[in-house]
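Before any comments, here is the structure.
The values are calculated or read from the model by the stated rules, or taken from the named source; none is laboratory data. Model, not experiment: these values are computed from the prediction. Here the Cβ positions follow ideal geometry from the backbone for every residue, glycine too, while neighbour counts run over all protein chains shown. Surface areas here come from the heavy atoms of the whole protein model, side chains and all, with no ligands, DNA or RNA. Shrake-Rupley method; radii C 1.70, N 1.55, O 1.52, S 1.80 Å.
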Amino acid sequence: MKTPNLINYSDAYSKFDWQREQKNLDGLPNGGGLNIAHEAVDRHVLAGKGESLALRLIRKDLSREDFSYGKLKNLTSQFAHVLKNLELGEGERVFSLLGRVPELYIAALGSLKFKAVFCPLFSVFGPEPIFQRLSKGDAKVLITNSQFFEKKVKGLLDRLPTLKYILLTDSEEDLSDQVRSLPNLMRLSPADFEIQPTQPEDPALLHFTSGTTGMPKGALHVHQAVLTHYLTGKYVLDFSPGDVFWCTADPGWVTGTSYGIIAPLVNGVTTIVDEEEFDALRWYQILEKEKVTVWYTAPTAIRRLMRMDFIPKEKFDLSHLRLVLSVGEPLHAEAVIWGEKAFGVPILDNWWQTETGGIMIANYRSLPVKPGSMGKPLPGVVAAVAEIEGNEFRILDQIGNQGHLVLKKGFPSLFRGYLHEEERYQKCFRGDWYITGDLAKIDQDGYFWFIGRADDIIKTSGHMVGPFEVESTLMKHSSVAEAAVIGKPEPSIGELVKAFVVLKEGFDPNEEMRLELIGFARKTMGPAVAPKEIEFVTSLPKTKSGKILRRLLKARELGLPEGDLSTLEKD
Ligand code: AMP
């Protein structure tokens, strides 16, 4: 097993300096600054690594399409020229509505080369969520295919007056002055593009994140963020030359861009992309066949894998896998322990969000893993818990105190705004601190433990209960596959804890099972915190990135408006 890149966490943390770290990146020639695409692609070619495999795309039929760093440099340069020839301005927004196909990756990096702002959309979005994002994001260019254009975009054009061009990936002919053939435009473009000087604050990426109510928010990120991508690739994903990395997320979710594209390429390793959606056996085959060494996935997928009745490493050759990581939701202690049995390595949880642009709190190879904990802050990131009451803001220093998870400004990947929503953005800050909207506590060893989204906390009989705590307990019962917990108003106790439970195959959702689970939770957690109501369901509503939508369960339970459902995953 290779030595971890981060050998001594405390030492690295105490001595960390972002400016010094920046020296590990190249910068554009002649002091032109950090440009994400240059750091991810061109610099490796300039360093003589043009032949190395940058990106391997696994098509739906399991065939492969390979892109060396050299090939990627040429294609992304051509794409940058396409934007230039269309007379797009720097900072203007280029959107994609594509599955995980090569054009998505070429457009993302090519847009960054040109210094346009790139915004990838989930291809499964229907017309309305697409319209919301294109109009709020002032889209100038959209890359999509003929089918999506006909079905989802054409009918919106009247309402999108600023959308200048739609580039079709699969059309050999222009349909109009506005709807153009991307292959034709690419053919007319040279494979060499000089990236213009890039300032640290130049905008680079736009990611929409669902609000609890109302419209999605557009979080804006800058080119300097590449430093976080580089550093987390080095310390958390522990990249070394020769690594084969697979991040299962779609670029429509920030994870699929920061870690499905940027971090592995900046670190010069090979990144695998699977065009297909989740399929347990297919995934294991990919891990085996591609000899994946570092695998980054999400709790929702891990829970589905845990339900299968075999031990993966006994059925597949997973001997190359040396690191498995998870993000997006709390990773239950059971899953961490299962990982050890399933893959021979524990699953390392880490925490971050769209607004932070990159991993902020993580478990590292060189530190003992405490199952159920998110780990410790990345060197260069100051994290704390705070008490917030109206305008009062106080950092809590006592160990074990629960509070709002806050991060000190000063790391490069923190978002620079919610597009067109300055007030909403300002509300996220108190002085130098960014309020994440999550609750957490810190233990005596400096490990962070997730409590819940501040919005999801349940107040019952004078207790503050995080849904994760109750869900984790229920998951310990051998019959439970998944659980989601909400608070339901109940005048005598404030809120009553209600659990929605999906049972594993072979278990009956009957009264006896309901009582068994309530009894189990009461014994484990105490009667004040254990669920008083349990409802069996066959699935839980989730976002496209796999997060359980507790607020939707609550709205449905209480007959309230369901809010923004654009990221709801259809069963
Ligand atoms: P998003 O911006 O869609 O990626 O969502 C970010 C939110 O997901 C965070 O604010 C957390 O509420 C949740 N989240 C992400 N990673 C974790 C984790 N490791 N443990 C618990 N919650 C997480």
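Looking only at region 438-460, which residues are assigned to a strand (DSSP E or B), within 16 Å of the ligand (Cβ to nearest atom) and more than 22 Å from the chain's Cα centre (by Cα)?
Start the filter on region 438-460 by keeping residues that are assigned to a strand (DSSP E or B), which leaves 438-442, 448-453, 458-460.
Now narrow it down to the ones that are within 16 Å of the ligand (Cβ to nearest atom): 438-442, 448-453, 458.
Answer for region 438-460, where residues must be assigned to a strand (DSSP E or B), within 16 Å of the ligand (Cβ to nearest atom) and more than 22 Å from the chain's Cα centre (by Cα): LYS441, ILE442, ILE458.
Among the residues of region 211-256, those identified as away from the ligand (no atom under 11 Å from the Cβ), β-branched (Val, Ile, Thr) and in contact (Cβ under 8 Å) with a residue 60 or more places away in the chain are THR212, THR213, VAL222, VAL226, THR228, THR232, VAL236, VAL244. Per the listing ALA280, ALA362, ALA333, the residue uniquely in contact with a helix residue (DSSP H, G or I) (Cβ under 8 Å, 6 or more places away or on another chain), under 30 Å from SER10 (Cα atoms) and surrounded by fewer than 23 Cβ atoms within 10 Å (Cβ to Cβ) is ALA333.
Can you tell me which residue among ARG187, ARG180 is modelled with pLDDT of 95 or more, open to solvent by 30 Å² or more (accessible area, probe 1.4 Å) and touching a strand residue (DSSP E or B) at 6+ places or on another chain (Cβ under 6 Å)? Explain how you work it out, then say what you get.
Numbers: ARG187 fails: touching a strand residue (DSSP E or B) at 6+ places or on another chain (Cβ under 6 Å).
Of ARG187, ARG180, the one residue that is modelled with pLDDT of 95 or more, open to solvent by 30 Å² or more (accessible area, probe 1.4 Å) and touching a strand residue (DSSP E or B) at 6+ places or on another chain (Cβ under 6 Å) is ARG180.
Inspect region 221-236 for any residue being assigned to a loop (DSSP other than H, G, I, E, B), more than 21 Å from ILE143 (Cα to Cα) and open to solvent by less than 30 Å² (accessible area, probe 1.4 Å) and give the result as yes or no. Checked region 221-236: at least one residue is assigned to a loop (DSSP other than H, G, I, E, B), more than 21 Å from ILE143 (Cα to Cα) and open to solvent by less than 30 Å² (accessible area, probe 1.4 Å). Taking ALA333 as meeting all but one of (1) within 16 Å of the ligand (Cβ to nearest atom); (2) on the phi > 0 side of the Ramachandran plot, write down the number of the exception. Unmet condition: (2).
A search for C-beta distances below 6 Å between a residue of region 174-189 that is within 16 Å of LEU163 (Cβ to Cβ) and without any contact (Cβ under 8 Å) to a residue 24 or more places away in the chain and any residue that is basic (Lys, Arg) and part of a helix (DSSP H, G or I), counting only pairs 6+ apart in sequence or on different chains, returns nothing.
Residues in region 403-428 that are free of Cβ contacts under 8 Å to residues at least 40 places away in the same chain and either touching a Leu at 6+ places or on another chain (Cβ under 7 Å) or within 16 Å of the ligand (Cβ to nearest atom) (or both): GLY403, VAL406, TYR425, LYS427. I'd like to check something: does region 504-520 contain any residue that is buried (at least 18 other Cβ atoms within 10 Å of the Cβ), under 15 Å from VAL470 (Cβ atoms) and touching a residue at least 24 places away in the same chain (Cβ under 8 Å)? Looking through region 504-520, at least one residue is buried (at least 18 other Cβ atoms within 10 Å of the Cβ), under 15 Å from VAL470 (Cβ atoms) and touching a residue at least 24 places away in the same chain (Cβ under 8 Å).
Could you list, in sequence order, the residues of region 336-359 that are closer than 16 Å to ALA383 by Cα and open to solvent by 10 Å² or more (accessible area, probe 1.4 Å)?
Looking only at region 336-359, we keep the residues that are closer than 16 Å to ALA383 by Cα, and these are 350-353, 355-359.
Result: TRP351, TRP352, GLN353, GLU355.
Just one of the listed residues (PHE95, PHE122, PHE149) is over 20 Å from the mean Cα position of the chain (by Cα), of a type outside the set (S, T, N, Q) and crowded, with 20+ Cβ neighbours inside 10 Å, namely PHE149. Among the criteria (1) modelled with pLDDT under 95; (2) within 26 Å of VAL465 (Cα to Cα), the one ARG424 does not fulfil is (2).
Per-residue answers, yes or no, for (1) under 25 Å from LEU231 (Cβ atoms); (2) without any contact (Cβ under 8 Å) to a residue 40 or more places away in the chain; (3) in contact with a Lys or Arg (Cβ under 7 Å, 6 or more places away or on another chain); (4) open to solvent by 10 Å² or more (accessible area, probe 1.4 Å):
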site	(1), (2), (3), (4)
PHE16	yes, no, no, yes
ASP61	no, yes, no, yes
VAL82	no, no, no, no
LEU88	no, no, yes, yes
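So in region 303-328, with the set limited to residues that are within 16 Å of the ligand (Cβ to nearest atom) and crowded, with 22+ Cβ neighbours inside 10 Å, which one is modelled with the lowest pLDDT?
If we filter region 303-328 for residues that are within 16 Å of the ligand (Cβ to nearest atom), which is where we start, we get 303, 323-328.
Filter once more, keeping what is crowded, with 22+ Cβ neighbours inside 10 Å: 323-328.
Working: LEU323: 97, VAL324: 97, LEU325: 98, SER326: 97, VAL327: 97, GLY328: 93.
So the residue we want is GLY328.
Checking each residue in region 550-571 for being on the phi > 0 side of the Ramachandran plot and either at pLDDT 85 or above or open to solvent by 60 Å² or more (accessible area, probe 1.4 Å) (or both) picks out only GLY559.
Evaluate the following for LYS547: is it open to solvent by less than 50 Å² (accessible area, probe 1.4 Å), touching an Asp or Glu at 6+ places or on another chain (Cβ under 6 Å) and in contact (Cβ under 8 Å) with a residue 60 or more places away in the chain? Show your work before the answer.
Values: open to solvent by less than 50 Å² (accessible area, probe 1.4 Å): no; touching an Asp or Glu at 6+ places or on another chain (Cβ under 6 Å): yes; in contact (Cβ under 8 Å) with a residue 60 or more places away in the chain: yes.
No: the conditions fail for LYS547.
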